[in-house]
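Notes for the one structure printed next.
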Amino acid sequence: MNRKGLLDAATALEDLAAGRTPAPAQVAAGAAALEKIHADYPAWRDVGDALFGLKALAGGSGMALDTKGRQRAGRLADVVRSLLDQI
């Protein structure tokens with residue numbers, strides 16, 4: 001696993017949870033790191049959700065999250081951060 005990429009993914013998701021726009025470089029690096037994990041564990045829904053959200057942002061899609069969406073982004077950031085403890 002790519003520790004730096006996972007940290008970028010978690011930070012980008014935390015930015016989304018806080019209502020901020022994450023840095024494009026963090027989004028791209030985070031999506032790339034999550035894509036490698038998703039390839040090994042495709043049934044892991046939280047990783048897939050985080051990956052597809054960051055890929056959409058990296059592809060230029062906007063993301064206007066409501067309260068529930070920001071909460072979900074925060075939970076996904078926690079999941080990604082938990083992966084950092086495993087490496």
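Read-outs: derived from the displayed coordinates by stated rules, not from any lab. Remember, predicted model here, so these are calculated numbers, not experimental data. Every residue, glycine among them, receives a Cβ derived from its backbone with ideal geometry; neighbour counts consider all protein chains shown.
List of remarks:
- Using a Gaussian network model of the chain in which every pair of alpha carbons under 10 angstrom is joined by a spring, one finds that among Gly30, Gly74, Gly19 the greatest mean-square fluctuation is at Gly19.
- Labels on offer are [x] 42, 15, 9; [y] 18, 13, 12; [z] 19, 18, 15, and the one holding semi-axes √(5λ) of the Cα gyration tensor in Å computed from this structure is [y].
- Karplus-derived 3J(HN,Hα) values for the stretch 72-79, using 6.51 cos²θ - 1.76 cosθ + 1.60 with θ = phi - 60°, are 4, 4, x, 5, 5, 4, 5, 4 Hz; glycine and proline are entered as x.
- Across Lys68, Lys55, Lys36, mean-square fluctuation computed from a Gaussian network of the chain (C-alpha pairs under 10 Å connected) peaks at Lys68.
- Based on DSSP H segments of at least four residues, each scored -39500 (n - 2.57), the chain has a per-residue ellipticity at 222 nm of -24500 deg cm²/dmol.
- The chain: angle of helix 24-40 to the longest principal axis, Cα-based, in degrees nearest 10: 40
- 17 Å cut-off, amide nitrogen to a point 7 angstrom out along Lys4 Cα→Cβ, residues in the stretch 26-70: 26-36
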